[in-house]
Amino acid sequence: MARSCRGGRHASSGGFLQVVGRRPGRMVSADGPQNLFAVGRGRFGSWLIEDNESAVFKCFRHRRDSVDIHCVRGYGLVLRSGFKRQKKSPFFYFEFQGRTPVMRFNAVPVCPICGSAGSVLYAGLPDRLFGVQGQFGFKKCRACGLLWIDPRPAESDLPKCYTEYYTHRAAPEHISATAGFRPLGGLRDAFREAILCGRYGYKHLHTNHGICRLGPALSFIPLLDRRAKYDLAERLPVFIPGGIIVDVGCGNGVYLNKMKSLGWRVYGVEPDSAASEPAIRSGLDVFRGVLKDAPIKNDSSDQVTMIHVLEHLPNPLEDLSECLRILKKGGRMVIYTPNAESLAHGHFGRNFFALDPPRHLNIFTARSIRKILRDAGFTRMSVRTTPYSAPGIYDASAAISSDGKITDLDAIKRRRCRRIFGAIESAMCRFGLNVGEEIEAVAFK
């Protein structure tokens with residue numbers, strides 16, 4: 001930002017603040033020790049605030065009516081005051097509050113996956129979940145359908161997008177509300193044991209194998225199979241005694257703890273030290289850093305998982321190539337990631353919950369997932385979309401549509417049409433349409 005000697009200089013900020021009203025040349029005066037900058041008389045409405053560094057100011061007509069203003073280096077912020085004109089108080093006041101982290105950006109002019117040109121799909125999107133300052137935009141690839149942020153935060157500044165992220169919390173202990181009353185609970189447990197043992201080889205979990213021979217047949221019933229696998233779907237593989245699962249981006253370790261309880265040897269990779277702290281406290285072996293720096297030998301892992309991680313990676317091809325390196329021959333790569341062609345995205349557009357700027361750098365399609373897996377060296381793969389998270393995505397996207405943001409992820413209101421929306425999406429997925437909320441990709445080495 002250009003400095004102006006006519007603007008007020010704030011001693012503690014070390015920079016200049018310039019407030020310009022609708023009339024050009026309307027500057028501010030500094031009130032020194034009080035940290036106040038007062039705007040003179042003029043036509044009230046839009047005010048442009050400029051600072052040569054990143055800062056937070058509080059704007060008010062009266063002490064009881066105030067709003068926080070965030071200034072970011074290189075950007076002006078236009079504020080619609082919303083304050084009524086009053087003869088007794090013709091001034092706006094801006095009070096210095098403190099510094100905010102400065103984020104740098106890099107341009108991404110072409111598709112990161114196929115190198116094709118793209119067109120602007122959305123512009124001016126704020127962070128609707130955790131309040132990262134700035135506005136962000138997505139481009140859409142004309143060839144593979146990928147959505148990507150352009151410009152995107154510099155790789156060294158990405159941690160600033162996760163200071164309040166939900167994975168920093170310890171994994172909740174899920175206690176059933178019907179723990180004292182489980183209709184047909186014994187039968188459901190028997191079906192689960194039969195499927196896990198007879199179909200997926202988890203024979204060590206129980207000793208009575210009377211009905212386990214029915215497991216393969218019971219697993220053909222989708223609802224029973226999904227519930228038997230704790231809703232883990234492809235994340236739960238056929239059991240291998242002494243087998244190793246590596247979870248890239250393990251967060252607070254929920255998935256790894258479940259697989260460890262089922263008899264697997266597990267290892268986590270997590271670059272966010274705050275997110276990995278609950279996992280380490282729970283006794284998991286977690287490497288704090290990125291996959292390429294982790295001490296994992298070649299051809300050592302039976303399964304590698306990326307559960308809603310690929311969309312966060314600045315270099316997804318490089319990380320998938322590393323996953324191929326550490327997999328054993330015949331090992332599985334399992335990926336879950338948001339779908340850019342989902343029914344919710346088509347319905348909600350720029351209010352689609354899974355856009356999540358600036359953390360989701362790339363939103364994939366089934367086509368772009370297949371291409372990046374082939375480029376990484378995988379030759380055998382299965383890619384589909386799943387509708388299981390549709391009701392929750394519908395609720396969150398509807399909250400953004402109505403409120404502009406989500407203040408508490410644990411208190412999102414359930415919408416009346418969520419089940420109908422989920423049923424429609426499920427039916428469309430059964431007919432082979434790739435409109436599910438998640439892409440589920442399983443690739444083999």
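Quick note: the coordinates plus some simple rules give every number you see, no bench work behind them. On a predicted model such as this, the values are computed, not experimentally measured, just so you know. Cβ: placed from backbone, ideal geometry, glycine included. Neighbour counts: every protein chain shown.
Here are the numbers for the structure shown:
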quantity: For the stretch 355-445, fraction of C-alpha pairs farther apart than 20 Å, in %; calculated: 49 percent
quantity: Placed amide H near residue 309: partners under 5 Å, 5+ positions off or other chain; calculated: 336
quantity: Likely footprinting exposure, 353, 378, 130, fewest C-beta neighbours within 10 Å first; calculated: 130, 378, 353
quantity: In Å, descending, principal axis extents of the Cα set of the stretch 105-166; calculated: 35, 22, 19
quantity: Highest-first arrangement of 293-304, 355-366, where packing means the average Cβ count within 10 Å; calculated: 355-366, 293-304
quantity: Segment residue 318-residue 116, length gained on full extension (0.36 nm per residue, minus Cα span); calculated: 70.8 nm
quantity: Projected label distance in nm at residue 402 and residue 379, using a 7 Å step from Cα toward the beta-carbon; calculated: 5.3 nm
quantity: Sequence-distant residues sharing a close amide H with residue 136 (under 5 Å, placed H); calculated: 124, 125
quantity: Extension gain, residue 258 back to residue 154 (0.36 nm per residue minus Cα-Cα distance, nm); calculated: 34.0 nm
